[in-house]
1. Given the conditions (1) modelled with pLDDT under 95; (2) surrounded by 13 or more Cβ atoms within 10 Å (Cβ to Cβ), and given that residue 42 satisfies all but one, which numbered condition is not satisfied?
2. State yes or no: is residue 164 of a type in the set (D, E, K, R), on the phi > 0 side of the Ramachandran plot, out of contact with any strand residue (DSSP E or B) (no Cβ under 8 Å at 6 or more places or on another chain) and open to solvent by 70 Å² or more (accessible area, probe 1.4 Å)?
3. What about residue 193, is it within 13 Å of the ligand (Cβ to nearest atom) and assigned to a loop (DSSP other than H, G, I, E, B)?
4. What about residue 142, is it farther than 21 Å from residue 269 by Cα and surrounded by 23 or more Cβ atoms within 10 Å (Cβ to Cβ)?
5. Which of the helices (runs of 4 or more DSSP H) found entirely inside the stretch 197-290 contain at least 3 residues meeting this: free of Cβ contacts under 8 Å to residues at least 60 places away in the same chain and open to solvent by 60 Å² or more (accessible area, probe 1.4 Å)?
6. Mind listing whichever residues of the stretch 218-248 are within 14 Å of the ligand (Cβ to nearest atom) and among the hydroxyl-bearing types (Ser, Thr, Tyr)?
7. Find the residue count for the stretch 249-266, including only residues that are in contact with a Leu (Cβ under 7 Å, 6 or more places away or on another chain) and within 12 Å of the ligand (Cβ to nearest atom).
8. Quick one: would you say residue 49 is within 15 Å of the chain's Cα centre (by Cα), within 16 Å of the ligand (Cβ to nearest atom) and of a type in the set (Ser, Thr, Tyr)?
Amino acid sequence: MVNKIRKAVFPAAGLGTRFLPATKSSPKEMLPLVDKPLIQYVVEESVASGVESILIITGRDKSAIENHFDISFELEQLLKERNKLDLFDQVRAISDIAQISYTRQKQALGLGHAIYQAKDFVGSEPFAALLADDIVDSEIPALQQMVEVYERYDAPVIATMQVDGEDISRFGVIDAEEVEPNVFKIRDMVEKPPFAEAPSNLAIIGRYIFTPDIFEAIEQTKPGSGGEIQITDAMRILLQKRPFYAVKLKGTRHDAGDKLGFLIATVELALKREDLGGEFREYLRSLDLG
Ligand code: G1P
């Protein structure tokens, strides 16, 4: 029996420079897609995939995230008084969603360094790490798709998607062999390679299932792309010692930390909403896009 994935880590200390000025004093993880902050989508995905305990790795100016997942006493009181019980339930559900703790990454030294802050929280269990920028719209939650593969192979699993053309240079990229439909055994990986040097068109998406030996690998990792401690480089070290798998996710991935990606995600998710989709579709149809 493999250990269940009960714990998840959410690196959320990044400065959000791709989304300035909105992220000057507000966390990018709190940008709303339609009416829900990015981080709530990803927390909900993890809970739907079996996660019970969450560590959010924050930094300065990120207290809005903690407030969002806390009880808002005044707001709840007001909603009750005004008999807005649907809204009350929605707001209360956010603070009941999971056991959430916080720690701070004091310097933005890279994703590997951020994940390292979870060492004590994780202890000796396997765990998931999820990036709130990557919103995956799918029938089966993205992390759940990976948990199934983790349980079959008893090995770390990362998420991947096909990215064609020069855009591949914006991602970690894997070199891998397909061992069953949409499941790959990883041979090698590289963080943000130049287009000509990318080993494939399979990009790493911000969902990871790690075993605790990733922390030793991070300790051995030297600064890489952008001068930061990259999780891709740490995984590459661990790859010498144990197999790593990748799952090609079924669903649509949005880069919601990017301005254009965010706009696309907003439009697509709004069109799917029962309460807004109809009128929004009509509005879009009425636009003269000439
Ligand atoms: C991070 C990872 C990269 C991965 C990407 C997915 O990069 O380092 O390997 O492909 O997330 O979104 P970032 O976008 O944080 O620079």
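1. All conditions pass for residue 42, except number (1).
2. no
3. Judged against the criteria, residue 193 is a match.
4. When the stated conditions are applied, residue 142 does not pass them.
5. 259-272, 277-286
6. Selection gives 221, 225, 232.
7. 1
8. No, not satisfied.
The values are calculated or read from the model by the stated rules, or taken from the named source; none is laboratory data. Model, not experiment: these values are computed from the prediction. Glycine also receives a Cβ, built like all others from the backbone with ideal geometry; neighbour counts cover every protein chain displayed. The protein model used for the area step is the full one, side chains on, heavy atoms only, and it has no ligands, DNA or RNA in it. Shrake-Rupley method; radii C 1.70, N 1.55, O 1.52, S 1.80 Å.
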